[in-house]
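Peer 1: Here it is, the structure in full.
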Amino acid sequence: MSEITKQSLSELIKNIKDKKLSSTEVTKAFVERSEKSKKLNAYVTEDFSAAIDKAKKFDENPNLDLKLPGIPMAVKDLFCTKNVKTTAGSKMLNNFIPTYESTVTQNIWNEGAILLGKLNCDEFAMGSSNETSFFGNVQNPIDKDLVPGGSSGGSSSAVAAQLTPITIGTDTGGSIRQPASFTGTVGLKPTYGSCSRYGIVAFASSLDQAGPMAQNVKDCALLNEVISSYDEKDSTSIDFKRNNYSKELTNNIKGKKIGIPKEYRIDGMPKEIEDLWKKGIEYVKDCGTEILDISLPHTNYALPTYYIVAPAEASSNLARYDGVKYGFRADGENLIDMYEKTRSEGFGAEVQRRIMIGTYVLSSGYYDAYYLKAQKVRKLIKNDFDEAYKKVDAILTPSTPSSAFKIGEKTNDPVSMYLNDIFTVPVNLAGLPGISIPAGHDAKGYPLGLQIIGKAFDEQNLLNIAYAMEEKINFKNKITDWWIK
Amino acid sequence: MSKDKSEYLINRKDNQYEVVIGLEVHAQVTSESKLFSTSSTKFGAEPNTQVSLVDAALPGMLPVINEYCVKQAIKTGIGLKAKINKRSVFDRKNYFYADLPQGYQISQFKDPIVGEGKVILDMPDGQKEVGIERLHLEQDAGKSIHDLDPKNTFVDLNRSGVALMEIVSKPDLRSPYEVNAYVKKLRSIMRYLGTCDGNMQEGSLRADVNVSVRKKGTKEFGTRCEIKNVNSIKFMQMAIEYEANRQVDLIEDGQSIDQETRLFDTKKNETRSMRSKEDAHDYRYFPDPDLLPLEVSDDFIEKLQLEIPELPDEKKKRFIEKFKLSPYEATILVSDNETSNYFENVIKKSDVKLATNWIIGELFAALNEKNLEIIESPISAGNLSKLINLIKDGTISGKIAKTVFEHMLEEDKDPKKIVEEKGLKQESDPKALEALIDKVIDDNREKATEYKSGKVKLFGFFVGQVMKVSGGKANPQLVNEILKKKL
C-alpha cells in the first residue's frame, strides 16, 4: 500500500471498506501532513483533534455503507460549519462561529466524512490568487511563492499538497476551476441550482455555486454525487434527477460532439495555452468524439458583464456586515460613524473596491446603463450557449489564459487579475456546469488546465468526457514537498 | 374651511384651495409566520424571541417565500377588485439601518403582485370611488428603541421579516374625512377577508400620507409632501389638516413647496421636515437574486377566488334589497364582519326593523360606553332577538324593554326570565286596566271635568298617571283606548 496521503479518495474508501485502513489512521496521516505544511498557509482554522476524535468514534462502529466512510476532509472557509469558526477569509468574520451548518457540508458529514479544518480563500471569495485573504497568501505546492489561484486557493493548495484527499470550493466566476488549473487538480463547478447555497457566505447570489475539488475525475464525481441535492431552504435550488455520478462514470464518449469556440482564441494568448488546447482537441478526438468549430459571439462581453453583475450583488449581499449583530465592530461616535469605521477596517481593499463598483452600477441614473444592460448581455451569452448546444454535447476550452503567477505579480493591476477569469466567467453567467482538468505543463513546469463546459444538468456527460480525457492525458502532478524541511 | 360638507376647501383671501391626498397603507398580513422565514409573528412577545437565522441575516441565510402570505396578498387584491399579476418580482431596497439586519428590505418595486383596483367609499352625499394603484408584498424592519438607555439604542428584531402589504392609492382623496372613510373601508375589506386584522394600536396598519394643494379649478397637481408612518386615522386627519394649511400658507406667501418627507408630531400637532428630495435615499433597487420571480397560475387564483367571502359592498346591497334597510343603516351594519354577523343572527328569529334600531341605537351606545367591540358584546345575539320578540308580541313595552336591556347588560340572561323575575310583564288585561283607570279618574275628578270641557291636553296627564300607578307595566295602547272611552 502506498503512503496514505498519496492515495486517491477512491483508494482510501476501498482500504477503509476492506478494513485495511481505519478512519483514525487515515485522519492522523492527513493531520500529520497538514501539521508539517503550515508554510502553505492553506488552513485558516484547524480542527485536528476534533477530527481524530471523530475518526476514533467512527472506527468504534464504522458504517461502511456510507459514501465517504470516515474520510477526513478540509473545506473552504466560505461554508458555515456549526460551532467551527467561519471567516470567509475576512477580518469582518474573524470571530464568527455559526450555530448552523451549510447544506453542502451537512450532506458531506451525513455520508461519513470528518471535518479537518477550514481552508483559506480570498476575502468573501473575491480574488483570483488568494492574495486578498485577511489570513495571508496561500502558497502553491507546485512552487515557492506561486499563487494557488483563487478564490478557492486554500482548497486547491490543500488538495494538490495532499493535506486533504478531496475538498469543496465555491465558484462565482472561476473560483474552483482556475485554482484547480493552477495546481494540477480537478475542479468542477456544477450547474447553477445543483448544490444548495444555504449556509454558504454569499458573494454573488446568481452566480455562486459550490463544487468538488479532487485529484482525479472519479473522486470529483463521487463528491459531486454527495453534495448535489435539492434543498427547499434555497429558493434557487433546482429539483432535477441527479445521477450516481461516480457509478455511472464511463470513458466511453464515442460519438459525442465537442465544440471548439473560436472566440476563446484571444489576442495575446500564450502559445503554450494554444498548444495545450490543440493537444486537448487531439485527445478528445482520440476518444472517438467529433470536433466542431462553433461560435459564442458574445464571449468578449462576458468579463465586463461579470464585473457589473457580481459586484452589484456583492454590494448588497455584504451590507449585512455592519457591526451591529455579529462579526467585527469598530467603535464609532454614532451609528453612521460606527458603520464607516467597521466597514473600512473590517473589509480589505478588493472587497471595498467591488462594493463601490456594485453600489455605483446600481445607483439611480446608472442602473439602466450598467446593471440592466449587463443583465441583457448575460441573456445573450446564455443564448450563445443554447445555440451551440443544438450542435454539440460539450465545449472544450483552456481553463485559464496562463499558468500560475508569482505572489504579488498582479496585486497592483486588478484588470490583469480579472483577466484570469476570462474563460471561466461565461460559464457562471450562463449557469452551466464546467470542469477543469490538468492537461499539461508549461515551460516552467507549472500545470495547465483544460475546461470542458457542459449543458445544464448534464454533469454526467461532462464528467465522462473529463474521465476519458484524463486517461489519455495521463497527467502527473510534480509535487516536490519543497515546503517540508 | 368650506361650509359645504361635501367639499373640503381651504379659504384664503380671494383663493380657495383643494387638497389632494394619496395614501400608502402598510397593512400587516395576517399570518402565523413571516414572509421569508418560519418565525412566529405573534404580537407582544419578549424582544428578540421571534427571530430566525434568516430574520437576523446571518451569513449564508436565504429567504424562502411563505405561500400563505402570497395567498393573503392575492385575496386582498381580489377584495380590491384589482388585477392580479401572475408574475411578480421581489426586489432589494438597499439602505443601512440598525434595525434592518440584511442591509436591504425585500420588497416589490417594478412588478408588484397586485395591480390597479378600486375602493368604493360611502360618503354622506353619495358614493366615491378611490383608485388603487398597486399592492405589493414586503418585509417589515425591526424596531429601534431609543428610550431605554441614555446612550444606546436597542434593537428588537421580532418584527423583522414580518409580511406587509403596501397598498398605494391614486391621488383621489380630497379631504381628511375621505381619508377616514378610505382607511376604514380598506380595513373593513381586509377584516372580511381575514388578510389583515387592521389593529392600529399594534401597528398592523400604518400609512404614509402624500399631501398637496392646488387652487380650486386647476388641473395640475401641486408639489407633494409625504408624511411618514402615521399610525392612527385621527392622526392622519390631523396631519393632513395641518400640512394642507402649511402648504397653502406658503403659496399665499409667494413661496414654493419643497418636495420632502415629513414627520407628524402628535404632541405638537404639526408636521416637520425629515429629509428633502435631495437627501432622499438612493435605494438601488434590483431584483433579489436569492428569489426567483413569483409566478402564480390561473388555477391558483381561481381557487382563492372561491375562498372570498361576501364583502361589505355586496353585503350592503343585499341588506338594502332583502331587508329593506336604508343605505345609512346598511352601511353601519356591514362596516365589519362581526357586526353584520351579529345582525344576521338577531334577525334570524326576530323583526328586522326593531332589530336594526336596537343594534344601531341601544346596543352600539352601550358598547361605546363600555368601550367594547361587538364580539365582546355582553348581550348575545340570541338574547337580543328574544327581547325584540317580547316587544313585538306585546309582552313588554318599548320602555320596559330598555329596563330589561339594562339588566341584560349586567347579566346575559334570557330576557323572559328577567321579565318574570322582576315582574315587568305588561298589563294587558282590559278589566284590570279599567279598574286602574277608574281609580285614577276618581282621584282626579277636577282634571277630568276640565278635560271634558275641552282641555284635551290633559289626556297625556291621565296616561302618565295610569302608567305611574301601574309601575310602567300598563299596555300603553290599551290605556289610551280605555281612557278615551272613560273620559
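The values are calculated or read from the model by the stated rules, or taken from the named source; none is laboratory data. Small disclaimer: the values here were computed from a predicted structure and weren't measured. So basically every Cβ, Gly included, is an ideal-geometry build from the backbone, and we count neighbours across all protein chains shown.
Peer 1: Restricting attention to the stretch B:175-204, report how many residues are in contact with a Cys (Cβ under 7 Å, 6 or more places away or on another chain) and at pLDDT 95 or above. Please lay out each step first, then the result.
Peer 2: First pass over the stretch B:175-204, keeping only residues in contact with a Cys (Cβ under 7 Å, 6 or more places away or on another chain): B:190, B:204.
Next cut, at pLDDT 95 or above only: B:190.
Total satisfying the criteria: 1.
Peer 1: Further question: Examine the stretch A:395-418 for a residue that is over 30 Å from A:S237 (Cβ atoms), in a strand (DSSP E or B) and touching a helix residue (DSSP H, G or I) at 6+ places or on another chain (Cβ under 6 Å), and state whether such a residue exists.
Peer 2: Initially, the stretch A:395-418 is screened for residues over 30 Å from A:S237 (Cβ atoms), giving A:398, A:401-417.
Still in the list and also in a strand (DSSP E or B): A:398, A:406.
With the extra rule that they be touching a helix residue (DSSP H, G or I) at 6+ places or on another chain (Cβ under 6 Å), the set shrinks to A:398.
Among the residues of the stretch A:395-418, at least one is over 30 Å from A:S237 (Cβ atoms), in a strand (DSSP E or B) and touching a helix residue (DSSP H, G or I) at 6+ places or on another chain (Cβ under 6 Å), which makes the answer yes.
Peer 1: Still on this model: Inside the stretch B:58-108, can you point out the residues that are charged (D, E, K, R), in a strand (DSSP E or B) and either surrounded by fewer than 20 Cβ atoms within 10 Å (Cβ to Cβ) or away from chain A (no Cβ under 14 Å) (or both)?
Peer 2: Passing the criteria: only B:R87.
Peer 1: Of all residues in the stretch B:134-167 being farther than 28 Å from B:F90 by Cβ and touching a Ser or Thr at 6+ places or on another chain (Cβ under 6 Å), which is nearest to the other protein chains (Cβ to nearest Cβ)? Outline the logic, then answer.
Peer 2: Step one: filter the stretch B:134-167 for residues farther than 28 Å from B:F90 by Cβ, giving B:145-154.
Now narrow it down to the ones that are touching a Ser or Thr at 6+ places or on another chain (Cβ under 6 Å): B:146, B:153.
Working: B:H146: 11, B:T153: 8 Å.
Step by step, filter the stretch B:134-167, then rank; the result is B:T153.
Peer 1: Would you please list the contacts, defined by Cβ atoms under 8 Å and residues six or more apart or on different chains, that run from a residue in the stretch A:322-338 that is of a type in the set (D, E) to a residue that is crowded, with 20+ Cβ neighbours inside 10 Å?
Peer 2: Close Cβ pairs (under 8 Å, with a partner that is crowded, with 20+ Cβ neighbours inside 10 Å) amount to A:D322/A:Y339; A:D322/A:T342; A:D322/A:R343; A:D322/B:G103.
Peer 1: Check off (1) closer than 29 Å to B:V466 by Cβ; (2) modelled with pLDDT of 85 or more; (3) part of a helix (DSSP H, G or I) for B:I375 and give me the number that stays unchecked.
Peer 2: All conditions pass for B:I375, except number (1).
Peer 1: Picking from B:D140, B:D122, which residue would you name as being at pLDDT below 95 and under 29 Å from the mean Cα position of the chain (by Cα)?
Peer 2: Unique residue meeting the criteria: B:D122.
Peer 1: Next question, about the same structure. In the list A:T183, A:T170, which residue meets the criterion of being under 25 Å from A:L66 (Cα atoms) and touching a strand residue (DSSP E or B) at 6+ places or on another chain (Cβ under 8 Å)?
Peer 2: None of the others qualify; the one that does is A:T170.
Peer 1: While we're looking at this one, here's another question. Could you check the stretch B:262-281 and list, in sequence order, the residues that are more than 14 Å from every other protein chain (Cβ to nearest Cβ) and part of a loop (DSSP other than H, G, I, E, B)?
Peer 2: Passing the criteria: B:T266, B:K267, B:K268, B:N269.
Peer 1: Looking at (1) touching a Ser or Thr at 6+ places or on another chain (Cβ under 9 Å); (2) in contact (Cβ under 8 Å) with a residue 60 or more places away in the chain, which is the one condition that is false for B:K392?
Peer 2: Going through the list (1) touching a Ser or Thr at 6+ places or on another chain (Cβ under 9 Å); (2) in contact (Cβ under 8 Å) with a residue 60 or more places away in the chain, B:K392 breaks only (2).
Peer 1: Confirm whether B:V155 is among the β-branched types (V, I, T), under 23 Å from B:S37 (Cα atoms) and surrounded by fewer than 24 Cβ atoms within 10 Å (Cβ to Cβ).
Peer 2: yes
Peer 1: Turning to a different aspect of this structure: Identify the residue in the stretch A:359-380 that is among the small types (G, A, S) and more than 9 Å from every other protein chain (Cβ to nearest Cβ) and, among all such residues, is farthest from A:S295 (Cα to Cα). Give the derivation first.
Peer 2: To start, the set of residues in the stretch A:359-380 that are among the small types (G, A, S) comprises A:363-365, A:369, A:374.
Subsequent filtering for residues that are more than 9 Å from every other protein chain (Cβ to nearest Cβ) retains A:369, A:374.
Details: A:A369: 27, A:A374: 20 Å.
The qualifying residue farthest from A:S295 (Cα to Cα) is A:A369.
Peer 1: Among the listed residues B:K13, B:K75, B:K42, B:K86, identify the single one that is touching a helix residue (DSSP H, G or I) at 6+ places or on another chain (Cβ under 6 Å) and assigned by TED's automatic domain parsing to the domain that holds B:V248.
Peer 2: The match here is B:K75.
Peer 1: Could you tell me which of the residues A:I71, A:I13 is crowded, with 24+ Cβ neighbours inside 10 Å and either in contact with a Ser or Thr (Cβ under 9 Å, 6 or more places away or on another chain) or among the charged types (D, E, K, R) (or both)?
Peer 2: Testing whether each residue is crowded, with 24+ Cβ neighbours inside 10 Å and either in contact with a Ser or Thr (Cβ under 9 Å, 6 or more places away or on another chain) or among the charged types (D, E, K, R) (or both) leaves just A:I71.
Peer 1: Determine which member of the set A:A456, A:A466 is under 19 Å from the mean Cα position of the chain (by Cα) and either buried (at least 24 other Cβ atoms within 10 Å of the Cβ) or under 25 Å from A:V147 (Cα atoms) (or both).
Peer 2: The unique qualifying residue is A:A466.
Rundown of residues vs (1) modelled with pLDDT under 95; (2) within 14 Å of chain A (Cβ to nearest Cβ), yes/no style:
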{"site": "B:Y283", "(1), (2)": "no, yes"}
{"site": "B:L291", "(1), (2)": "no, yes"}
{"site": "B:F300", "(1), (2)": "no, no"}
{"site": "B:Q305", "(1), (2)": "no, no"}
{"site": "B:E310", "(1), (2)": "no, no"}
{"site": "B:E314", "(1), (2)": "no, no"}
{"site": "B:E321", "(1), (2)": "no, no"}
{"site": "B:N337", "(1), (2)": "yes, no"}
{"site": "B:Y342", "(1), (2)": "no, no"}
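Peer 1: Pairs please, first residue from the stretch A:390-416 and at pLDDT 95 or above, second anywhere and small (G, A, S), Cβ atoms under 6 Å, 6+ apart in sequence or on different chains.
Peer 2: If the second residue must be small (G, A, S), the pairs left are A:V392/A:G259; A:A394/A:G454; A:I395/A:G259; A:L396/A:G280; A:S399/A:S181; A:S399/A:S436; A:S399/A:G449; A:T400/A:S181.
Peer 1: If you don't mind, there's one more thing I want to ask. Please find, among B:L304, B:L354, the residue that is assigned to a helix (DSSP H, G or I), within 25 Å of B:C196 (Cα to Cα) and touching a helix residue (DSSP H, G or I) at 6+ places or on another chain (Cβ under 9 Å).
Peer 2: The match here is B:L304.
Peer 1: Quick one: which residue in A:K218, A:K278, A:K254 is assigned to a helix (DSSP H, G or I), more than 14 Å from chain B (Cβ to nearest Cβ) and farther than 30 Å from A:C80 by Cα?
Peer 2: A:K278
Peer 1: For the stretch A:341-358, what are the residues that are more than 10 Å from every other protein chain (Cβ to nearest Cβ) and touching a Pro at 6+ places or on another chain (Cβ under 9 Å)?
Peer 2: Step one: of the stretch A:341-358, the residues more than 10 Å from every other protein chain (Cβ to nearest Cβ) are A:341-342, A:344-357.
Listed by number, the residues that qualify are A:E350, A:R353, A:R354, A:I355, A:M356, A:I357.
Peer 1: Kindly indicate which of A:N94, A:N107 is of a type in the set (S, T, N, Q) and more than 29 Å from A:M417 (Cα to Cα). If you could, list the steps in order and put the result at the bottom.
Peer 2: Details: A:N94 fails: more than 29 Å from A:M417 (Cα to Cα).
Within the list A:N94, A:N107, the selection yields A:N107.
Peer 1: Okay, moving on. Determine, yes or no, whether A:L296 is among the hydrophobic types (A, V, I, L, M, F, W, C), away from every other protein chain (no Cβ under 14 Å), in contact with a strand residue (DSSP E or B) (Cβ under 7 Å, 6 or more places away or on another chain) and crowded, with 23+ Cβ neighbours inside 10 Å.
Peer 2: Against the criterion (among the hydrophobic types (A, V, I, L, M, F, W, C), away from every other protein chain (no Cβ under 14 Å), in contact with a strand residue (DSSP E or B) (Cβ under 7 Å, 6 or more places away or on another chain) and crowded, with 23+ Cβ neighbours inside 10 Å), A:L296 qualifies.
Peer 1: Under the condition of being in a loop (DSSP other than H, G, I, E, B) and out of contact with any Phe, Trp or Tyr (no Cβ under 6 Å at 6 or more places or on another chain), which residue from the stretch A:327-340 is farthest from the other protein chains (Cβ to nearest Cβ)?
Peer 2: This residue is A:A330.
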